[in-house]
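K.L.:
Before anything else, here's the structure in question.
FYI, it's all coordinate maths here, none of it is from the lab. The structure presented is a predicted model; accordingly, all values stated were derived computationally and were not measured. Neighbour counts run over all protein chains shown; Cβ positions are idealised from the backbone, glycine included.
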Amino acid sequence: MSKGASSGSADAKPASAVPASLQASSAGDDTDKLSDYVPQSADLSRAASASASHSKAASEEVEEDEDVEMRDAQDDEDDEDDEADAPSSARGPKTPRQLEKEREKHERSEARAEKAKAKAGQNSALSSTREEMKKSKLADSMKRFSYLLGQTELFQHFIDIKKERDPEFRALLEESQAKRGAKAKKADGGSGGARRRKTEKEEDAELLGEDDDEGEDTFVFEESPTYVKGGTMRDYQVQGLNWMISLYQNGINGILADEMGLGKTLQTISFLGFLKHHRDTPGFHLVVVPKSTLDNWRREFEKWVPGFRVVVLQGPQEERNAMIQQYLLPQEFDILLTTYEMCLREKSALKKLSWEYIIIDEAHRIKNADSLLSQIVRAFNSRSRLLITGTPLQNNLMELWSLLNFLLPDVFSNSEDFESWFKDKGDEAQDQVVQQLHKVLRPFLLRRVKADVEKSLLPKKEINIFVGLTDMQRKWYKSILEKDIDAVNGAGGKKEGKTRLLNIVMQLRKCCNHPYLFDGAEPGPPFTTDEHLVFNSGKMVILDKLLKSMKEKGSRVLIFSQMSRVLDILEDYCLFREYKYCRIDGQSAHEDRISAIDEYNKEGSEKFVFLLTTRAGGLGINLTTADIVVLFDSDWNPQADLQAMDRAHRIGQTKQVYVFRFVTDQSVEERILDRAAQKLRLDQLVIQQGRSQAAAKAQQNKEDLVDMIQHGAEKIINTSNDLMIDEDIDAIISKGESRTSKLLEKYQGLNIDDLNNFRSETALEWEGQDFSAKGRQGKIGGIWIEPSKRQRKENYHVDSYYKDALSLKSKPSAPRAPRAPKQIALNDWQFFPKRFAELQERETAAFQRSQGYKVPLRETKEDEDPEVAEEERAKGQQFVDEAEELTEAEQAEKEKLAEQGFTHWTKRDYLAFIKGNERHGRRSYAQIAEEINNPDLTEKEVKAYANVFWNRVHELTDAERYIKRIEDGEARTAKIERNEANLNKFIHQFRAPLSQMKINYTGSTKKAYSEEEDRFILVSLSKHGLRGDETWEKIKADISEHPGFRFDWFVKSRTPIELSRRATTLMTLVLKDASVP
């Protein structure tokens, strides 16, 4: 692409860096949440509607221009009418008003001409760029076919199929072959194929001809390029850069699939730098990244290859429109950095441009060819494409085809042809399938792992820590099993068997984490943050020991869990143990994520723990300042856990990284761990070599789920022995290392055929015991408890995540409600008006009525009258049948009411608000705002929310619990204030308290401290106050700096906790003093 294409307008502005203000994401743009499917956007339905939307946008743009011209023309007509209406007597010299109107008319005419000229220049530049792109793509196609056919004969199969179906493709291919044939004939010297030696002249001519054909020399870097300014690239990163250059020179698109932490971002930016500095192609490049990494990519461009004109397309609609008009359409930029969401929202503008490169980070987002994002990105006009991913192609052949279709649509155009090519080989030829996969992928994919390329990075040590169940956990575990004993025993019906079993697995996993995840398990009210958080969960007991040990060693810890509610419990635990922490989960705003990561990584940070959900915290985050990773629970997909580990185990880590995976012994978690080890071995055999998994997506069958549930259940139900592991943390880690090694050895010797045939027959054997149906015969009825006979009357619902994770497809017995209009989730803490909820409910009911929806009859409980359920069904059906669609006035009212809810308040903000009220009091709005720590929520907004909160607090779930917490906190604060006042009053009785203060010791008070030391502690306590978070550290610092205690080893060696205990004793004496009321 020539540089002239970017300056089609005669008045194009000089190239300049894009202002930073336009690069920053808008803090208020909090609606950027998106999956690949957007059913509520009617204008974004698949590829056909995408082009229709493009046409519509273009027509609207033309109509807008015509409207402006019509208005200007009307203004001119009005001016002429005014002039014509003037009296004839005034036709002499023109008045100032007439002169002014003529001047305005002339300026409007010039403005219209200037606008038309600029638009024509812009369109000309865009058209010129498209034409140049078309020629470049044609040349690339020629090189691409020659290169692919030279790599492996496998591509000839797909090319032949496409050639038979597509005449255009056949013509292009014949032209390419004709050129190759002409060159070959010329090289033979027209000898009719007779073999002979070339003369020097012939060889020189051939070499010169090759130079003309190539047009550019093969380029290889031997060391870090000089244009990379932020540091020096490592050798393997330079190799990755050279690989991308070779793809570019052969017209091939590719997948950079290095393991996480090897610097894929740097390699990509350095390649774009090569295009700018060595190929005179600074742009235009489209880089699509997850929203969580958008700011990091911008910083990396500035750090490594400065000089690019980078535009970050993000923010509110008005700000994006300004960027498009000022930078994109005039082509005044080099790199457009944006997110998946913005590609969908601004697809019309992005389609107008011709992209030199489209680069997609975390490219597994487009592995589903039917997803909206995948189809929209395919519609963009580009010369080349590059995919970046750390976990490519982990599922099946269709996902592999989707990515190959994106990279090479002119070859891999039909998924059925691709799939049949492998299926035709038969199950007996698995090795051939793997070899074929490797051949297909070899030209496109580069995959390296840390162990191979990064010698300075120590390999991580992964240890499974096996924990026991507490009495409370055992009670809940047993209750879950007994509630569905027929399903546990494998006696459930086929229709709902998998669904019931999957729900049981989910509930058992929650029990293994912490029983407080179940409503009603936590003792209270009043609800307290106390030791019971620890001793009621086996994992928390071990975590408590582990964190204490790691704190003493100076380590820093990342704790991952799938469940955000587990993080809530861990957050309370950190507050209780006074561990300073950060947190990121799926609800964390983009700005909060950046702030938390920067706070944790900054030099001298006092944050000890970082709490993250496995999925939300697994991507785009660098936390190498931590060296301990704790997986509180395991993900169904082991790749998600590996991504979590790589947050700390990546380039830049200087310490040995330890990964501790918590597994509840003799429980469902042990089986899940076994299944994950099986998946990872298959990944090692197939994915790491060819990055595909031909037969690894074996769905979990009913027998496997029963086996998971029954594993260890007999021991839990029928024995009364203590299941807790009460040992020293070092001994627990040592045992965990031994069992982890045995688990790895179990799968290390298996090959791909063994794993593909690894079904329930082998999965049901564990530690020498047969768990198969045959091995269990006579056990279930004879050894397991037999609960009282009862019928199952209650519905159980499965979290959608677990259903998707195991790819189970079950048909519900009751009819499912049709998809309702897109509506706002009514979270009780956001306090939407009641009228708004009524309108939403009626809108849904009206839609159901239009679909002929019938309200199903719910199942009744054992002692419930069936007529009650029938009356409820009839009442619900009547509501649906009588529901009328909202009028325009009601729609407007609904939209207005929606703005009255606190939609920008997240669950985390709400819980922080409760905590702030508890710590500072309900009127301390400034302190509560600081506690929330959200820059978007000012003191004024917190006050407005507080007024609504206290007026409608009883509408909340657990309202009494939260009110109790706040009232107890206010009572504690009032008590502390009284004690501070009494302490100050007592000390102010003495002119020189350090020498004159008289403390009335009781007979039982031990005098380990001298009176001088006690006086100093009380004076320092009065100075720093009783409510400070670091009061005791400050008192210890005062003691260390005081010259009077220079040689007082006893008081200088006291810890903050010991000083706290002594101060509590002294305060008791002070408050008992008769002189203090």
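K.L.:
Over the Cα atoms of the range 971-1072, Rg to Rh with Kirkwood Rh, two decimal places? Each step should come with its number before you reach the end.
P.N.:
Working: Rg = 13.1 Å, Rh = 14.0 Å.
Result for the range 971-1072 is an Rg/Rh of 0.94.
K.L.:
Now, a different point. Over the alpha-carbon set of the range 907-956, divide Rg by the Kirkwood Rh and report the Rg/Rh ratio to two decimals. Before the final figure, lay out each step's value.
P.N.:
Values: Rg = 9.8 Å, Rh = 10.6 Å.
Rounded to two decimals, Rg/Rh equals 0.92.
K.L.:
If Lys and Arg each add +1 and Asp and Glu each add -1, what is the summed charge of the other residues whose beta carbon sits under 12 Å from the beta carbon of V657? Write out the running numbers ahead of the final one.
P.N.:
On the way: positive: K450, K460, K461, R556, R647, R650, K655; negative: E462, D627, D646.
Every neighbour counted, the sum reads +4.
K.L.:
Determine the alpha carbon to alpha carbon distance for each of K460/K655; K478/K742; K679/K746; K475/K735 and list only those over 21 Å. Could the numbers behind the result be given before it?
P.N.:
Numbers: K460/K655 10 Å; K478/K742 29 Å; K679/K746 13 Å; K475/K735 26 Å.
Beyond 21 Å: K478/K742; K475/K735.
K.L.:
Please arrange H514, H904, H988, H285 by counting, for each residue, the other beta carbons lying within 10 Å of its beta carbon, fewest first.
P.N.:
Values: H514 29, H904 15, H988 10, H285 26.
The most exposed by this proxy come first: H988, H904, H285, H514.
K.L.:
Among A992, T1065, N982, whose Cα sits farthest toward the positive end of the charge dipole of the range 948-1077 (+1 at Cβ of Lys/Arg, -1 at Cβ of Asp/Glu, about the Cα centre)?
P.N.:
A992
K.L.:
So, one more: What pairs from K461/K607; K347/K940; K1007/K1036; K580/K1036 go past 30 Å between their alpha carbons? Please list the in-between numbers first.
P.N.:
Numbers: K461/K607 23 Å; K347/K940 38 Å; K1007/K1036 19 Å; K580/K1036 19 Å.
Listed pairs above 30 Å: K347/K940.
K.L.:
Okay, moving on. In the range 918-963, which GluC sites (Glu not before Pro) fall in coil by DSSP and have 10 or fewer other Cβ atoms within 10 Å?
P.N.:
Numbers: sites: E918, E930, E931, E939, E941, E955, E960; in loops: none.
Listed in order of number, the matching sites amount to none.
K.L.:
Using DSSP to define loop residues, name the chymotrypsin sites (Phe, Trp or Tyr not before Pro) in the range 1010-1060 whose beta-carbon has at most 16 other beta-carbon atoms within 10 Å. Don't skip to the end; give the middle numbers.
P.N.:
Numbers: sites: F1016, W1032, F1045, F1047, W1049, F1050; in loops: F1047.
Passing sites in the range 1010-1060 are F1047.
K.L.:
Could you put L911, L408 in order, starting from the residue whose Cβ has the fewest other Cβ atoms within 10 Å? Spell out each step's value before the answer.
P.N.:
Values: L911 15, L408 19.
So the ranking, lowest neighbour count to highest, is L911, L408.
K.L.:
Could you list D519, D572, D452 so that the one with the fewest beta carbons within 10 Å of its beta carbon is first and the one with the most is last?
P.N.:
Numbers: D519 8, D572 17, D452 11.
In increasing order of surrounding Cβ atoms, one gets D519, D452, D572.
K.L.:
Let me ask something additional. Quick one: check the C-alpha center-to-center distance for the range 311-367 versus the range 1013-1051, whole angstrom.
P.N.:
With the range 311-367 and the range 1013-1051 each reduced to a Cα centre, they are spaced 58 Å.
K.L.:
List the trypsin sites (Lys or Arg not before Pro) within the range 560-669 that fall in a DSSP loop (any state other than H, G, I, E or B) and whose Cβ has at most 11 other Cβ atoms within 10 Å.
P.N.:
Details: sites: R565, R577, K580, R583, R593, K602, K607, R615, R647, R650, K655, R661; in loops: K580, K602, K607, R615, R647, R650, K655.
Hits after loop and neighbour filter: K602.
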